[in-house]
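Asks: One structure coming up, written as structure tokens, with questions to follow.
The values are calculated or read from the model by the stated rules, or taken from the named source; none is laboratory data. What you see is a predicted model; the values in this text were computed from it and never measured. Methodologically, a virtual Cβ is constructed for each residue, glycine included, from the backbone with ideal geometry; neighbour enumeration extends over all protein chains shown. Surface accessibility is based on the protein's heavy atoms, side chains included, excluding ligands, DNA and RNA. Shrake-Rupley method; radii C 1.70, N 1.55, O 1.52, S 1.80 Å.
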Amino acid sequence: MKKINISLTVLFFMGFSWLQAQERIPQVEELLGKMTLEEKIGQLNLLTPGGGVATGSVVSEDVEAKIRAGNVGGIFGVSSPEKVRQAQELAVKNSRLGIPLLIGSDVIHGYKTTFPIPLGLSSSWDMDLIEETAKVAAREATADGINWNFSPMVDISRDPRWGRVAEGAGEDAYLGSQVARAMVRGYQQDDLTRPETMIATVKHLALYGASEGGRDYNRVDMSRTKMFNEYLPPYKAAIDEGAASVMTSFNDIDGVPASGNKWLLTDLLRERWGFEGFVVSDYTSVNEMIAHGMGDLQDVSALAIKAGLDMDMVGEGFLTTLQKSVEEGRVSEEEITIAARRILEAKHKLGLLDDPYKYSDESRPERDILTDEHRKTARKAAASSFVLLKKHNNTLPLSKNAKIALVGPLANDKNNMLGTWAPTGDPSLSIPILEGFRNVAPNATVTYAKGANISDDPEYAKKVNVFGPRIEISEESPEELLKEAMDVVENADVVVAVVGEATEMSGEAASRTEISIPESQKKLIRELSQSGKPVVLVLMSGRPLTIPEEMQLPVSILQVWHPGVEAGNAIADVVFGDINPSGKLTATWPHNVGQIPIYYGMRTTGRPAASEEFEKFKSNYLDSPIAPLLPFGYGLSYTNFEYSDVKVSDNTLNSNGEIIVSATVANTGEYDGEEVVQLYIHDKVRSITPPMKELKGFQKINLKAGESQTVEFNISVEDLKFYNGNLEYVFEPGEFEFFVAGSSDGEFQGTFNLEE
């Protein structure tokens, strides 16, 4: 019997290998059979010719000659049907084998039609809407010749000092996974051969959002159980959804940089998760392994290809060293063939091997880019992302006949509407807030004054203005700017102050140790709050901010992130009440930077603080509360929602069944509105310490004033699984607590038991 089992096992693996061979693409295998080693290595080389979108400090040289020589697999920083056709003709008509190029780009939150920054989009909690924004982005980018997108960025981050928190979906793995899936669906849809779809690249694998000190490109140190339970799920979700490409991160994992980490790129990504697409490095991250202390360029290039990296972005280490490494026996030609096969298979998936010019339709840009319909989607997405942080004296919504003092450095500023990482957008096409107010409320009297600079520090402004004027320091003195604003306020019924961050105060290489509103603007806010007039702060930022002072002032606060090309119209829609704000925070807002990292799903300690009252020898601070200023999931509305009748369909959940947790939600206010209903659970006893709360479901519902609805969540054993100390994905029987509420700041309302 034992011999029979062994034979069956051998046959199984032989059959599996045979099936794999059968699944290989004849067109790709035919090409590989014709290719020299140098040509295979050429497919692994990704270059940028410069003159286009700047996304790094290095620009490739002699790109045209390298394409002719068959030494380039893809390029980025090139767009328009005409330019892309020229590039493809260089490859198809002038290289020996005529293999077309991948054409990549960073299309992070829209192409020409720019949507809110991803952190803002996630605050809508609307997966259908997020998917639609990705569809629009793909339609526009492909119309301009691009077939490969370096998005979505799915890094979980619990440190708002890190500038790239703006690019992700916040702090929670469950919500982040839903957003990742929605974006992949939007970009790729169900057929990559269609000319309006493009390859999605899930990035940055892995853990980039946990960089130490919130400092970009910094190292990461994390336990495996924390990785698997709290940081890796969104990457896996994107891959499960079919993402065809993965980009590595700049940081190390267990001391080995991601671009050369075999455990990450082969053991985890391919063997455990079953990923079949191709892996590209981030910008020069292979070369940067030299600075990590991993060897010279030949060493790190060999390390990367053997780890499972398929394509080298810009650094050209593969191009210049791999052939030598093969000759010296450090790398096998088969390893290079495997990587080249993956690149060619991606080109086959796109249909490029049959039609290299399918993304060069010159009629598409006018038809598909920045259309009225796309702008409508951008306006809706922006309004859906706004989070009402504070209501004061029912100031909002404003009357469309009011006399309004519109003040602040961001109130009439096109350059800061699109947000960070909008390299394909055009700031001159954005709608500033002043224009939006006049569009939406033509009968209102709107008088504008700048009131303050974003920052008064010219050295700080120089750092922020790398991609163009974001902080413009007025020739007038701060005192003169403030006086002009207060003069305008004197004749107004209500004040709207648009304040916060310039776009490049967040994003890549834009980490901050102080994340409050700059002092130049704080002075303006203080004066406005003492004017005796109702004040609305429209707060614009790419990250959670520390605003304890502003929360204590007699003002209303609407967080609008960086809203995109339709910023002014969308803000006016909400401020004047055409749309009721419905966004909820997807990242915790701390009182101060000393609380960081702070997130809702923290584990308890053996000495938990019992309350906000200080108690010695408990886990608290001498000088600060331990609770956040604003919790994950938080967001107000012009109306009010009440929760009642929270219950579970059965007190016992069997391993092969499911139960239903339900709640009645009522709109008890005077306005129609949307509410994000959230389900949280807590595993009371677990083999590894459980989080205090875990988001396990959410639904966004629309209720008319006076209307109520019963919301149901189905829970099965799959929802209660976790990775244990052996990294096994398991469930453990026991008692679970749950609650349903409008934010994570809720009390447990019931329990159920999970049985074998």
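Asks: Using a 1.4 angstrom probe on heavy atoms only, work out the carbon and sulfur share of the accessible area of the stretch 609-751 in %. Mind showing how you got there, number by number?
Replies: Values: 3100 of 7080 Å².
Heavy-atom surface of the stretch 609-751 belonging to carbon and sulfur, 1.4 Å probe: 44 percent.
Asks: On to the next question. Mind giving me the FRET efficiency for Asn753 and Glu613? R0 is 41 Å, r the Cβ-Cβ distance, nearest 0.05 is fine.
Replies: On the way: r = 34 Å, r/R0 = 0.83.
For Asn753 and Glu613, the calculated efficiency is 0.75.
Asks: Rounded to a whole number, what is D in µm²/s for the stretch 525-637 from Stokes-Einstein with the Kirkwood radius over alpha-carbon pairs (10 °C, 1.306 mPa s)?
Replies: 97
Asks: Using every pair of alpha-carbon atoms in the stretch 454-496, split the distances into 5 Å bins beginning at 0 and state the percent of pairs per bin, rounded to integers.
Replies: Spelled out bin by bin, the stretch 454-496 gives 5, 20, 20, 16, 15, 13, 8, 3 percent.
Asks: Just round it to a whole percent: the fraction of Cα-Cα distances in the chain exceeding 51 Å. Write out the running numbers ahead of the final one.
Replies: Values: 43802 of 285390 pairs.
Percentage above 51 Å: 15.
Asks: Next question. Which ³J(HN,Hα) values, rounded to whole Hz and listed in residue order, are derived for the stretch 318-335 from phi using the Karplus coefficients 6.51, -1.76 and 1.60 in 6.51 cos²θ - 1.76 cosθ + 1.60 with θ = phi - 60°, glycine and proline given as x?
Replies: Along the stretch 318-335, the couplings run 4, 4, 9, 10, 5, 4, 5, 5, 5, 4, 8, x, 7, 9, 8, 5, 4, 5 Hz.
Asks: Just to be sure I understand: of the beta bridges DSSP finds with both ends in the chain, what percent are antiparallel, rounded to 5?
Replies: Details: 46 of 87 bridges.
Rounded to the nearest five, the antiparallel share is 55 percent.
Asks: Taking the Cβ of Glu566 as the center, what net charge do the other residues with Cβ under 10 Å away carry, scoring Lys and Arg +1 and Asp and Glu -1? Present the calculation step by step, with values, prior to reporting the outcome.
Replies: Working: positive: Arg375, Lys376, Arg379, Lys380; negative: Asp573.
Net charge around Glu566: +3.
Asks: In addition: Enter the accessible area per residue of the chain (Å², integer; probe 1.4 Å; all protein chains in place).
Replies: On the way: 29170 Å² over 756 residues.
Heavy-atom accessible area per residue stands at 39 Å².
Asks: Highest mean first, how do 644-651, 587-594 rank when packing is the count of other Cβ atoms within 10 Å averaged over residues?
Replies: Details: 644-651: 13.5, 587-594: 21.4.
Ranked from most to least packed, the peptides come out as 587-594, 644-651.
Asks: State, to one decimal in nm, how far the label point of Asp426 lies from the label point of Asp191, with both points 7 Å from Cα in the Cβ direction.
Replies: My value for the distance between the label points is 3.2 nm.
Asks: Compute the relative contact order of the chain as a whole-number percentage, counting only Cα pairs closer than 8 Å that sit 6 or more residues apart in sequence.
Replies: Values: 1806 pairs, mean separation 97.9, N = 756.
With pairs under 8 Å counted, the relative contact order is 13 percent.
Asks: Sorting check: for 135-145, 367-377, which peptide has the highest mean count of neighbouring beta carbons within 10 Å, and how do the rest follow? Numbers along the way, then the final one.
Replies: Numbers: 135-145: 25.4, 367-377: 15.6.
The densest-packed peptide leads the list: 135-145, 367-377.
Asks: In addition: Taking the alpha carbon gyration tensor of the stretch 369-420, what are the square roots of 5 times its eigenvalues, largest first, to the nearest whole Å? Intermediate values should be presented prior to the final figure.
Replies: Working: eigenvalues 123, 50, 36 Å².
The three semi-axes for the stretch 369-420 are 25, 16, 13 Å.
Asks: Now for a separate question. If you average 1/r over all unlike Cα pairs in the stretch 642-714 and invert the result, what Kirkwood radius do you get in angstrom?
Replies: On the way: mean 1/r = 0.0714 Å⁻¹.
For the stretch 642-714, inverting the mean 1/r across all distinct Cα pairs yields 14.0 Å.
Asks: Based on DSSP H runs of at least 4 residues, each adding -39500 (n - 2.57), what is the mean residue ellipticity at 222 nm of the chain after dividing by all its residues, to the nearest 500 deg cm²/dmol? Intermediate results must be reported in sequence, preceding the final value.
Replies: On the way: 20 runs with 216 residues, N = 756.
The helix contribution divided over the chain gives -8500 deg cm²/dmol.
Asks: If you don't mind, another one. Rg (Å, one decimal) plus Dmax (Å, integer) for the alpha carbons of the stretch 428-555?
Replies: According to the Cα coordinates of the stretch 428-555, Rg and Dmax are 15.0, 43 Å.
Asks: At q = 0.13, 0.15 Å⁻¹, what is the log10 ratio I(q)/I(0) for the stretch 36-176, with the Debye formula run over Cα points and no solvent?
Replies: Debye curve over Cα of the stretch 36-176, log10 I(q)/I(0) at q = 0.13, 0.15 Å⁻¹: -0.66, -0.81.
Asks: For a protection proxy built on the mean count of beta-carbon atoms within 10 angstrom, sort 127-133, 75-81 highest first, please.
Replies: Details: 127-133: 20.1, 75-81: 22.1.
Result, highest mean first: 75-81, 127-133.
Asks: Excluding ligands and nucleic acids, what accessible area in Å² is computed for Ser211 using a 1.4 Å probe, to the nearest 10?
Replies: 10
Asks: About the Cα centre, and with charges only on the beta carbon of Lys, Arg (+1) and Asp, Glu (-1), how big is the dipole of the stretch 190-297? Nearest 20 debye, please. All intermediate terms of the calculation are to be shown ahead of the outcome.
Replies: Values: 10 positive and 17 negative charges, 42 e Å.
About 200 debye.
Asks: Right, another one. Averaging over every viewing direction, what projected area does the convex hull of the Cα atoms of the stretch 693-756 cover, in nm²?
Replies: 5.8
Asks: Calculate I(q)/I(0) for the stretch 279-401 by the Debye formula, one identical point scatterer on each C-alpha and no solvent, and give its log10 at q = 0.18 Å⁻¹ to two decimals.
Replies: -0.97
Asks: Cross-link list Lys203/Lys721; Lys376/Lys696; Lys83/Lys203; Lys403/Lys483; Lys380/Lys463; Lys66/Lys93: which exceed 23 angstrom alpha carbon to alpha carbon?
Replies: Values: Lys203/Lys721 25 Å; Lys376/Lys696 32 Å; Lys83/Lys203 27 Å; Lys403/Lys483 19 Å; Lys380/Lys463 33 Å; Lys66/Lys93 14 Å.
In this structure, Lys203/Lys721; Lys376/Lys696; Lys83/Lys203; Lys380/Lys463 lie more than 23 Å apart at Cα.
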